[in-house]
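The values are calculated or read from the model by the stated rules, or taken from the named source; none is laboratory data. Small disclaimer: the values here were computed from a predicted structure and weren't measured. All Cβ positions, even for glycine, are placed from backbone atoms using ideal geometry, and neighbour counts span all protein chains on display. Note: accessible area is taken over every heavy atom of the protein model, side chains too, but ligands, DNA and RNA are not part of it. Shrake-Rupley method; radii C 1.70, N 1.55, O 1.52, S 1.80 Å.
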Amino acid sequence: MKNNDIITKIAICFVLVPIVLIVLPYLISPIISEKYGQMTVDLIIFLVAIVLSQNIWHIKISFLSLKKPLSQLCQLIPSILFLLFTRFSTLSSMSFRLIDARIILTVLFIALAEESVYRGLLIPLSLVFTKNKQYTAIVISGVGFALAHLVNIVNSPWSIVMLQMLIVFASGLLWGTLYLADCKI
């Protein structure tokens, strides 16, 4: 792969999620209810990442393997804890009957979309770009992951979004490290 091709693909990974999160809700709102909007958008991001990886870029996304299911489930622990701690007040005031399949599927599709783009595509591309420098590839992935959350500025104060981006960058470093350790790219 040429260096310019890799840089273009990395740039696509950086802008894919924010652009889809900004544009797609307006396009699908006439046909899909708002309560299914987030789930639909993230499902589309996931499907785009799969098409890019398998049919266009030919990059193997190395997660959801049946070889190490326990290890992969353990990778979810930081995200589950983060979600519980940051959403505890919301969850404690919510009736458990309101936590339905739609909410579970939305969280699942968000995770699949983010993992497929920022770990599944961006880390392998960054490894090629950096000539297999794992730490640098993880940092590039973490930066992309953090910048994608800049779209939250539409609904949240700047200070909250900056804090969220810092936390997401740090968690992206953790998940990128776990991804490389588990997938042996």
Please give the number of the condition G172 fails out of (1) farther than 23 Å from I61 by Cβ; (2) modelled with pLDDT of 80 or more; (3) open to solvent by less than 70 Å² (accessible area, probe 1.4 Å). (1)
Looking at K133, is it among the charged types (D, E, K, R) and either open to solvent by less than 70 Å² (accessible area, probe 1.4 Å) or at pLDDT below 90 (or both)? no
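Quick one: is T86 modelled with pLDDT of 95 or more and of a type in the set (S, T, N, Q)? Lay out the reasoning, then the answer.
Details: modelled with pLDDT of 95 or more: no; of a type in the set (S, T, N, Q): yes.
The answer is no for T86.
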Those residues of region 13-33 which are at pLDDT below 90, in a helix (DSSP H, G or I) and of a type outside the set (A, V, I, L, M, F, W, C) amount to P25, Y26
